[in-house]
Amino acid sequence: MHPVDGYAIGQSFFFGTKDASLVATGHSVTLPGRSGDAGMRAHAVLKSLGPNEILVGAVPFSDTAQAHLVVPESYQWASALEGQPLAVTGPQSGVGECVPSPQEYEKSVAAALGSIHARQLDKVVLTRSVEVPLQRPLDVPQTLRILRHQQSDGYVFACELPERRTLLGASPELLISRKGDTVRALPLAGSRPRSGDPHVDTTRGLDLMESDKDRREHAFVVDTIATALAPYCRELSVPTAPSVVAASRMLHLGTVITGRLLPDAPPALALAHALHPTPAVCGTPTATARAVIDDLEGYDRGFYTGMVGWSDARGNGQWAVTIRCAEATATTVRLYAGAGVVEGSTPESELAETDAKLATMQGVLSHYTGKVDNGRSIHTVAG
Ligand SMILES: C=C(O[C@@H]1C=C(C(=O)O)C=C[C@H]1O)C(=O)O
C-alpha cells in the first residue's frame with residue numbers, strides 16, 4: 001500500500017518524483033488563481049495560515065483563465081511510487097477526435113512559418129488535442145504507477161480540477177524548483193522520438209545535438225529563462241550547451257539551469273509565474289507567439305502547457321510544465337501534444353513530432369481507451 005491508493009476523484013492531488021511523493025486531500029482554502037501577481041498573493045495567504053501549510057494545484061496556459069490552487073485539508077510526503085509495467089492494452093477502438101485535425105495542424109505550421117519568414121516572430125509552439133472515449137473508469141493510482149514506470153525521471157502528477165475532471169500525466173520538464181535559496185530549472189526543446197533500440201537512440205541523440213534547427217529552438221528557451229531568473233539570483237549557472245534528456249518515448253535537448261537566490265527573492269510559485277509561459281510552450285517573443293497561438297490553434301489548451309506542482313509557506317516548491325498529460329472526465333479523456341516551430345521546421349515533421357508525443361499518454365491509457373488512432377489514418381486516406 002502507498003498513500004496514493006487513497007486517491008479520491010474530486011478531492012486528491014498527487015505529485016511524485018523519483019525520490020518522493022506528495023499526496024494531498026481536500027481543500028480548506030482555494031487561493032487567488034489568475035496569473036500576474038497570483039504567485040505572491042497565494043504565498044501571502046499561505047504564510048498567514050501557518051508555517052506547515054502547503055498549496056497544490058495547476059495553473060493554465062492562458063493568463064486570463066482561472067488557476068486551480070488549493071490549500072489541502074491534509075497532506076503527506078511518502079516514498080517514491082513504485083513503477084508498474086503496462087500489462088494489457090485494450091482492442092483498437094478507432095479514431096480519436098482531433099482538434100485541430102492533422103491537415104489543419106499542418107496548415108497552421110505552414111502559416112506560422114510564413115510569419116517567421118516575415119520576421120514577425122522567431123518561434124511559436126503549436127499544439128493539438130485528441131479526445132477519446134473511456135471504455136472503463138480510469139484507475140488513477142494504477143495509471144500513476146504505469147506513468148512512473150515509463151518515466152523513471154520526471155514529474156508524475158494527478159490533480160483534481162473543478163467539475164470532476166482529473167489532470168494527470170508525467171512531465172519530463174521542470175519549470176522551476178526552489179529549496180531554500182537554491183533554484184533549478186530543466187527546460188526542454190528540440191525533440192526526436194525514441195526507437196526502442198539504444199544504439200539507434202544514441203545516433204538520434206547525436207543528431208539532435210548537431211541539429212542547428214533544434215539548437216536554435218532550444219536556445220530561445222534557455223536565454224529567456226536565464227534572463228528572467230538573473231534579477232533574483234546572486235549566482236546563476238547556465239551551461240553553454242544542452243544535453244540529451246530521455247523521456248519515456250522521446251529524446252529532448254535539455255539544459256539544467258541552477259542558481260542561488262538573493263535574500264528576499266520571491267517564493268517558488270512567484271518565480272514560476274515570472275517564467276511562465278516559456279518559449280518551450282509558447283514562443284519568442286512571448287506576446288506575438290501568444291497571439292499567433294490564439295489565431296491558429298483553434299482550441300483552448302486549458303491546463304495543458306501550464307504548470308502543476310506545490311509550494312510551501314517557506315517559499316519552497318516544485319512546478320513542472322504540464323505536458324505529456326491528459327484531462328479525464330468519467331467518460332472521456334483528452335490528450336495533448338505540441339511542437340516548436342522555428343526557421344527550418346516543416347509541417348510534416350512537426351505533425352509527426354506531435355504524434356510521437358501523443359503516443360506517451362496514448363500507450364499508458366490504452367488499457368482504458370483501447371488503442372487510439374489520432375486521425376492519421378483519416379489523413380492517409382484523404383491524402
Ligand atoms: C509542447 C510540448 O512539448 C514542448 C515542446 C518541445 C519541442 O518542441 O521540442 C519539447 C518539450 C516541451 O517543452 C508537448 O510535449 O506537448
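Here, each number is a calculation from the coordinates, and none is a lab measurement. Bear in mind that the values here come from a model prediction, so they are computed numbers and not experimental data. With ideal geometry, Cβ positions are generated from the backbone for all residues, glycine too; neighbour counts draw on all protein chains shown.
P(r) for the range 200-296, from all Cα pairs and a bin width of 10 Å, is 14, 38, 34, 14, 1 %, short bins first.
Each of Glu217, Glu106 was scored by other Cβ atoms within 10 Å of its Cβ. Listed from fewest to most, they are Glu106, Glu217. Over the chain, Cα pairs under 8 Å with separation of 6+ residues give a relative contact order of 27 percent. In the range 259-373, the C-alpha radius of gyration followed by the widest Cα-Cα span (Dmax) gives 17.0, 52 angstrom. The mean sequence separation of alpha-carbon pairs under 8 Å and at least six residues apart, normalised by the residue count of the range 285-325, gives a relative contact order of 32 percent. Estimated translational diffusion coefficient (Stokes-Einstein, Kirkwood radius over Cα pairs, 20 °C, 1.002 mPa s) of the range 181-225: 180 µm² per second.
Under the simplified labelling scheme, the Ala80-Glu348 pair shows an inter-label distance of 4.0 nm, with each label point 7 Å from Cα along Cα→Cβ. Averaged over residues, the count of other Cβ atoms within 10 Å places the peptides 160-171, 276-287 in the sequence 276-287, 160-171, highest first. How large is log10 I(q)/I(0) at q = 0.07, 0.08, 0.11, 0.15 Å⁻¹ when the Debye formula is applied to the Cα atoms of the chain, each weighted equally and without solvent? Debye intensities relative to I(0), on a log10 scale: -0.28, -0.37, -0.73, -1.44. For the chain, hydrophobic long helices are taken as DSSP H runs at least 30 Å long by C-alpha position along their axis with mean Kyte-Doolittle hydropathy of -1.0 or more; these are 347-369.
Using just its DSSP H runs of length 4 or more, each adding -39500 (n - 2.57), the chain gives a mean residue ellipticity at 222 nm of -10000 deg cm²/dmol after division by all residues.
For the peptides 314-321, 118-125, 149-156, 75-82, the ranking by mean Cβ contacts within 10 Å, running from highest to lowest, is 314-321, 149-156, 118-125, 75-82.
With a ≥ b ≥ c the root eigenvalues of the C-alpha gyration tensor of the range 1-132, is it rounded (a/c under 1.5), prolate (a/b larger than b/c) or oblate?
On the way: a/c = 2.65, a/b = 1.36, b/c = 1.95.
Taking the square roots of the gyration eigenvalues as a ≥ b ≥ c, the range 1-132 is oblate.
Measuring against 27 Å, Cα to Cα, the residue pairs Lys179/Lys213; Lys123/Lys357; Lys47/Lys123; Lys179/Lys357; Lys123/Lys371 contain Lys179/Lys213; Lys47/Lys123; Lys179/Lys357; Lys123/Lys371 as the ones spanning a longer distance.
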